[in-house]
Every structure is written in structure tokens, then in C-alpha cells.
Amino acid sequence: NKTITMSFVEYRDTIKDGDTAIVFLGHESMFPVKVQHGGKTQTKYGVIRHSTDLIGKRYGSKVTCSKGGWVFILHPTPELWTMNLPHRTQILYSTDISLITMMLELKPGSIVCESGTGSGSLSHAIIRTVAPTGHLYTVEFHQQRAEKAEEEFQEHKVEHLVTVKNQDVCKNGFGVSNVADAVFLDIPSPWEAIGHAKSALKIEGGRICSFSPCIEQVQRTCLAMEEHGFTEINTLESLLRVYNVRTVSLQIPDLGKAAEDNSGTGFDSSNQSNPESLYGILQQGTAQFKSGVPLKEMVGHTGYLTFATKSLF
Amino acid sequence: MAEESARPGPRIREGDWAVLKRDEVFKAVQVLRRRKVIFEKQWFYLDNAIGHIYGTTFEVSTGGSLQPKKKMEETTTETKEAGTDNRNIVDDGKSQKLTHDDIQALKDKGIKGQEIVQQLIENSTTFRGKTEFAQDKYIKKKKKKYEAVITIVKPSTRILSTMYYAREPGKINHLRYDTLAQMLTLGNIRAGNKMIVMETCAGLVLGAIMERMGGHGSIIQMYPGGGPVRAATSCFGFPESFFRTLYEFPLSKVCSLVSGTFSSETLPSEPDYNVPVEEESNGSLEEKQTLIQETEVESNTEAVMESIETGDQETMDDLAAEDAECKESKERRNKENIREKQRKQQERKRKLVETAALLEEKNADGLIVASKFHPTPLLLSLLEFVAPSRPFVVYCQYKEPLLDCYTKLREKGGVINLKLSETWLRNYQVLPDRSHPKLMMSGGGGYLLSGITVTMEKVQSDANSLEAQKIEEPASKKRKLEELHC
């Protein structure tokens, strides 16, 4: 159905009015922009005029701004959205999202229940994966957050793939029964929602995941899962290590010269007291090499991911 | 079994590709009647499984037939008696009074695993002295060994990637399953994409991509040598329709395609690459049933059947006539075979030209590379076929080739947001008062280089220097880093 612009779940070539595009300034500096006829966006390189600079241009194009500097305009993806969305809560990043997606066995056609919606980071990723035939039921107990999420899904033209409910999942569940292939929980007391998760899942079974920052939460949740008959209960965590690619130059230390012997001047490679032959192949000056250098700091913990299977047996 | 048929859920059918599961061990098999299967030191037939719902657990009973096992009742160990610590527990190897033979005798009598575990507990002199936790651990260990239940589950990327990493990591270049998960997400793999894939991971990566595309969109698989290996892809059990939009293209023709001198005249010689070479498993490696062997046996049987049919009459005249008939039909069959071969050759050429055209559109939605080859030439050439503003992900078992790849990509231009990373994965044991990370963890799962394509600029040097300026960290930060490493 090409009349509905579904750029978040399908690629298109050119930028259109109403799209959410990503402005890339260089080296991880980027921000989202809502493309509109007559719209203007300020960047440190100058102004971008939507009508002339964006609409009709190919995604991936370079756009020169009014001050002469330039940017790239990128097609939106859930991953780029995650890096740039406005935070209303702490969000899940792509590292955890990747693992969740695979371990819950999500694919086109999957029916998924999620709570809490939060800032919609995982929601966008789920919608992308289950499209065009699946659906996401997402529950958020905070009214404004639920409304903001609903708004964003509409702006991103994915509302046909998602249903937002403003209620407390621990008290009232997901609002659906026996339809889900997978359930995801990122709430303070997930053990209180395990029963509801079980009834939301299909009778023949499905997968569940609970994300909790604290081990005490994990312990309670695992117990609740066991009590409700879930199997294959497994807790793990995943961390991302990024490397900067750098050309590194190390100076060769000056170890001095051996004392001269009677035979005379000069060092040659056969001379035993020559520092180069004693201590390796390095000559004077610097040695250069390419290295993948870890960053000074890395994320050491986001949360524990607990997966389990609902089975008939 | 009215109760059985009333239960909802996909049922195990003959011909399905399924996965046998026992605790953490998996084996992918095709469900075929009268076919002996070895799994975790047990021999059995899958015939009885047909018709049951996926997720059913079975026990292997005498004769190698599977019997569905009902949900296990909790073995309430009456022994509340336990010790406080292990200061007096001496491990002399003599605490278990049952011998190997005793246990074997119990097994031979057909005593259920549950009962054997109970017997072991009663005959252990040290059991009552163990702490509750130690008793718990002991029971779990014995149950794992003696209560052998096999579950039959549907294949998925999660299961197959875990299986391969555990037992045949060499076949998949040591690609750990969470690294694969990152690739699928970073690459924005989804329904409707036009993907280019280059992998030498037995077809596991291809299968994972196909699962995430759900049969929508198209995939062009680049392959080295004579043809792509898709042994693992078969294990997913995708419907036929998924394969209609799967294309393949030989790497040996990439240069000609990029330079515009492509010709379909010389095709690489083609092995029979669509037959899975062996039943893939992460179970015991002694299991060597090969499907290729079996298909050979089948075709021999067919040949025998044929010859019996043609040799029906017994009279001399008939024999003579038969002889001539035999010769004629043989000649006919030979001609048919040649025609069939030619037809197949033509079909392959046609597909090759079609695939080349798809590549030449240079509008692929993404590129995934995961192979034993050095990634740089693959990236630099295959990115030519990818549209701008699309993600690409390269996996390499080693970090260094990706350093080179990164550098060459920077020089070439047309890419942004380059990131070199790896994921660290850790499993936990979660039990009341006994929660901690597990003892062993994976030492490494490979490295990923990812990025996004952008339009190539005509004024190359300009763009590169500007981009280089932008991408380089501010000078002060750079100096600090180097200081750290001196």
C-alpha cells in the first residue's frame, strides 16, 4: 500500500513532506527533523530550508547549509531513532534491543505485548520487525507518556501496527488474551505481571522477557516465572564494547650505545653489542601501527535480561 | 486421544524440519518415518512424534520409540535433614553405594529415571550431611543425567544460532549468537528489503535474515567457488515461497559486473549445493548420519526397481526384445538426461543474468558480510550495489582485518557513522541466596564493523578532507589517548 508513507517500516528513496528524517552533522552528532513545506531547521552550519533543501532530495544526500557547512540527510530507522528520540524515561539501546528481538523470536507477523512503553525506543524496533502483518500491544501507566507515544506512532505512520493502552499492567494486564507470541516487561515489579503475561500469551505457548536493573528484581521475577510454569528460564546480560580505530605512534626509546671496542667505529648488524640486534627490529624514531582502541569509559550495566518459554507441557 | 486433538498449536508433520532438545543441547533433524536418529547417546525413531504438538516432551522407550511424557510431578524429597557446611564431608569416591552395574540393572529393568534418582539419594552416605543447597545441586545433577526427556521444538534463529555456536563454531567462523543478533538489528533487516548477503557460515546467517524478512522482499547471496552452502538454511524449515525471491551470484563475476564487462557465458561449475550435508547438531559428534549417503541409497533402489520392471518376461524372444527395448530406453534416457542438463544450464544462465540486473540497479537496502575471507575487498566491491542512506554490517572473527577495512572505507568515502564493536555476553544463575554470574563465559564472539552509506561526492578530495576533519576527534583528546598507550 504505497499511498501511506511508512518510512519507519519500509525504505523509500526520496524525502517527502511529513517524513521524519535524520540530520547527520558528523561523528555521532545528529538529530531528527520533521520535514514540512516551508519549514526551517537551524544547525551550527546554518539553516536548512525544507522546501528547497530536503523535499524531493534523495535520502543519503549531502545538503549544504546557509553558512556553507554541510550535513547528510538520512532515512529514519528504529536504531537511528533510538539514538535521537526525546527521552521521557531511561530507554533501551540497540544492544539490548537486538538480543531481545532474537531471543523472543520476533519476525514478520509476530504479535507482541510490551509494558511499559516508556519513550517508545523498543516499541519502534518491535514494530519494524513484526511489520507488515504483526502487531504490538503496548501498555503504559503514565497518561502523558501514553499519549506522547500514540502521537509519535501516528507521526511515524505506524499506528496501524500498534495499540497503546493507558493502564497498569500489574492490575489489568495487556487488554488481550491468548494472542501474543511474545511478551516484554520493563517495569518496576515485573513479578506482579507474570500472571497477566501468561494469559496474554497464546495457549500453545510463546516467549517472555523481563528487563530489570536490580538483581533482587530478577530473583523475584524468576521465582514468579517458575511458579507460573514457565520453562527454559535464563538470565543474561549483554554489553557493547566500542573501539576507536587509531593510528598510533610509539617512540623508540634511546637505550644508548654500547662502549666502543678497539676495532673501530660504526655499528653493523653483526655487532653483538648493537642495541637493535639485542632488543629487536626497531630503529630510531617512532613505530606506527593501527589499533582498535577501547574508549576510556563504557556502559558497564544496563539491566539483566531474563527470558523464558511458556509451554503447554 | 480426544484431549490431544483438542489442544491448539502447530503439529509435528512428516517432512518438517524440527529441533530435538534435551536441557541445553539441541539437534536439528528432519522428521522422517522409519529413520533412525541418534541424539545424546540415545537411538530412536521419530514416527510416534508425528501428529503431536510442538513443545511436547518424549521419553525413549524400548525399541527406540518415543512416548509422550506427562508433566513431571514434583519429587518431594522427604529428607528435610541437611547439614550446615562441608567441613566433615570427605570425598573418597566411596559415598555412593550403588555400583555402575547396579544402576545399569535398574535401567535394564525399565525403572524410570525419577526412581533411579531416588535410589541414588537413598544409597548415598553423604547426602544427609550436605547442606540444603548442596542437596539441591546434587538432585539437579542426577536428574539431568537419568531423567532423559527430549522436547521437540520448532527451529528458529535463536535455537539454531545457539546450537551452532555451542557445537560447530568453526562452521560459522565463531559467530556468537548475540553478535548475530546485533547484525540483524544494526542492518535493519526487515520485511520488504532488498538485501545483499555474503556469508560462509553454512547458511545460518542467510537463514536468520530470511526469518526476519518473512518471505517479503528479496535477497541476493554472493558466493565463492561453485555455489552457496545452505545446509543450515534448510534447518529453518522455511516454506517454498521464501526461496522464490532468493537469488545467488558468484563472487568471481563481481569485478566484471562493477566494471561493466559482465557476461553470462562462463558459469562456475556447480556442485549439488542445496542438499544439507549432515544433520546439524550441537550434540555428540560421533553421530555421522549423512543425508547425502541416504539419498544415494534411495536412487540406487529406484534404479533396481526400474530394472525389475523392464525385465518382466522370461522367454528367449522376449529376452531378445527386452534387450533391444532396454537399449532403446537407455538411449532415450540418456538423451533425456542431456536435454535436462541443457535445460538446467539455460535456466541457470537466465537466472544469473536476472540477478546481475538486480545488482546493477545499485539500489540494495543493505549489505551483510560474515565470511572467512578478508572483509576489505568484499566491502569495497559489494557496497557499489547498495543505495545511499542504507546500513551495512561486516562480521569478522578477528579485529585486525576490520581495522584495515575501516581505514580503506574512510579513504574511499561514501560511508558515515562507522563503528567497530563487539558484545560481551554473560549468563547468570538466579536462585534464592545463590545468585551469581555463571562460572564459564564465552571468551569472544567476534567483531562487527557497521556504518551507513551516503551519496558519493564527485569532488572526492574535498569531501574526504572535510569528512576527515569532522570525524577526527579534537586534537587534545587525541593526544591524551596516545599518551595512555606509551
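A few notes on this one:
- Elements of type helices (runs of 4 or more DSSP H) in the range B:49-167, at least 2 residues being touching a residue at least 24 places away in the same chain (Cβ under 8 Å) and over 30 Å from the mean Cα position of the chain (by Cα): B:113-122, B:132-146
- Cross-chain or 6+ apart pairs with Cβ under 6 Å, the range B:176-204 first and at the interface with chain A (Cβ under 7 Å from one of its Cβ atoms) and within 18 Å of B:Gly214 (Cβ to Cβ), then at pLDDT below 95 and not in a helix (DSSP H, G or I): B:Gly192/A:Glu10
- Within the set B:Lys140, B:Lys107, B:Lys94, B:Lys145, the sole residue that is within 14 Å of chain A (Cβ to nearest Cβ), surrounded by fewer than 18 Cβ atoms within 10 Å (Cβ to Cβ) and over 30 Å from B:Arg212 (Cβ atoms) turns out to be B:Lys140.
- Where a residue in the range A:215-229 is on the phi < 0 side of the Ramachandran plot and within 9 Å of chain B (Cβ to nearest Cβ) and its partner, wherever it lies, is in a helix (DSSP H, G or I) and not hydrophobic (A, V, I, L, M, F, W, C), with Cβ under 8 Å and at least six apart: A:Thr221/A:Pro190
- In the range B:407-461, residue farthest from the other protein chains (Cβ to nearest Cβ) [restricted to those that are under 30 Å from B:Phe133 (Cα atoms) and of a type in the set (Gly, Ala, Ser)]: B:Gly443
- Close contacts from the range B:430-447, counting a first residue that is modelled with pLDDT under 90 and a second that is of a type in the set (A, V, I, L, M, F, W, C) and part of a loop (DSSP other than H, G, I, E, B), with Cβ to Cβ under 9 Å and a gap of 6+ residues or different chains, come to none at all.
- Inside the range B:328-370, residues that are of a type in the set (D, E, K, R) and either part of a strand (DSSP E or B) or within 14 Å of another protein chain (Cβ to nearest Cβ) (or both) make up a count of 3.
- Candidates A:Val183, A:Val176, A:Val245, A:Val218 - the one that is closer than 30 Å to A:Gly285 by Cα and either modelled with pLDDT of 95 or more or in a helix (DSSP H, G or I) (or both): A:Val245
- Enumeration of residues in the range A:55-79 that are of a type in the set (Gly, Ala, Ser) and facing chain B (nearest Cβ under 8 Å): A:Gly60, A:Ser61
- Count of residues meeting criterion [in contact with a helix residue (DSSP H, G or I) (Cβ under 6 Å, 6 or more places away or on another chain), within 14 Å of chain A (Cβ to nearest Cβ) and more than 14 Å from B:Ile368 (Cα to Cα)] in the range B:205-234: 2
- Remark: B:Ser381 falls outside the filter, which requires a residue to be outside any strand (DSSP E or B), closer than 30 Å to A:Leu223 by Cα, more than 9 Å from chain A (Cβ to nearest Cβ) and in contact (Cβ under 8 Å) with a residue 40 or more places away in the chain.
- When A:Thr82, A:Thr138, A:Thr117, A:Thr95 are checked against the criterion of being surrounded by fewer than 24 Cβ atoms within 10 Å (Cβ to Cβ) and more than 8 Å from chain B (Cβ to nearest Cβ), a single residue qualifies: A:Thr82.
- Options A:Glu226, A:Glu232, A:Glu147; residue that is of a type in the set (Asp, Glu) and not in a helix (DSSP H, G or I): A:Glu232
The values are calculated or read from the model by the stated rules, or taken from the named source; none is laboratory data. Computed from a predicted model, the values in this text were never measured in an experiment. We place every Cβ from the backbone using ideal geometry, glycine too, and count neighbours over all the protein chains shown.
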